[in-house]
1. Any idea which of (1) more than 26 Å from W53 (Cβ to Cβ); (2) open to solvent by less than 20 Å² (accessible area, probe 1.4 Å); (3) aromatic (F, W, Y) is the one Y201 doesn't satisfy?
2. If A116 satisfies every condition in (1) touching a strand residue (DSSP E or B) at 6+ places or on another chain (Cβ under 6 Å); (2) outside any loop (DSSP other than H, G, I, E, B); (3) in contact (Cβ under 8 Å) with a residue 24 or more places away in the chain but one, which is the exception?
3. So, in region 79-107, exactly how many residues are touching a Gly at 6+ places or on another chain (Cβ under 9 Å) and loosely packed, with under 14 Cβ neighbours inside 10 Å?
4. Could you please find all residues in region 121-177 being closer than 21 Å to T194 by Cβ, in contact (Cβ under 8 Å) with a residue 24 or more places away in the chain and open to solvent by 70 Å² or more (accessible area, probe 1.4 Å)?
5. So, in region 195-214, of the ones that are free of Cβ contacts under 8 Å to residues at least 40 places away in the same chain and either in a helix (DSSP H, G or I) or touching a His at 6+ places or on another chain (Cβ under 7 Å) (or both), which residue ends up farthest from E225 (Cα to Cα)?
Amino acid sequence: MKSRTIKIRLVLLVIVMLILCICIGRCAIFQNTGSILSSIETFFSSETTDNTWNLILVNGDHAIPDDYTPELTTLSNGRQIDSRIYPNLQKMFDDMRAEGIDPVVGEGYRTAQQQADMMTEQIDIYLAEGYSQLEAESLAASMVAQPGHSEHQLGLAVDINANKSVSTNDQVYTWLAENAWAYGFILRYPADKTDITGIAYEPWHYRYVGIKEAKEIYEKRICLEEYVGAD
């Protein structure tokens, strides 16, 4: 959706600039080719560089970009998240606590090795329950993403649960489902979108996408794949 808008704007910019050049004089087109291309490049860069990090799609079909490296902030409990989402997450937690609900980040950023270890552990659990290797791997894949395909490796996803001494998980999940969008977070794996996300319903897993984007996703009751127009 966003990339299509950028392409349309880019085409319109090129057309306007070419018409302007023609009006000034044919030779001007050749004399100013460098500056024209520079302007186009600047326009395209400004539209894509700063406004797409929050919408990076990571799932079974889309891997984490090779050059992606998160800048991390360490929370009080030792979990880490992308520094860019920290203010919004802290504000959300402060507002929850003001209402008597005490959330905690159970999982934040994970390395590729940590993700691989989680997958192995989940497969072993199913094997211990009597499933075959193929069955165990298939079941595990619906619960745990493959290394390189986990949002937790972005640092933009958090698993939010409750401080059980203050509130319950259900209280946390209910509040988040109704309010997280206002802070830029979406329920990443809704129960009615498993055929699209490929992941079972996880009421604790929230992904930062930006306040404007989260509002639209929440109001339309869609998932991130649908929002970005992924194939």
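1. (2)
2. Unmet condition: (1).
3. So the answer is 1.
4. M143, Q146, listed by residue number.
5. Filtering first and then ranking leaves K212.
The values are calculated or read from the model by the stated rules, or taken from the named source; none is laboratory data. Given the structure is predicted, the values throughout are model-derived calculations rather than measurements. Glycine also receives a Cβ, built like all others from the backbone with ideal geometry; neighbour counts cover every protein chain displayed. Note: areas computed on protein heavy atoms with side chains; ligands, DNA, RNA excluded. Shrake-Rupley method; radii C 1.70, N 1.55, O 1.52, S 1.80 Å.
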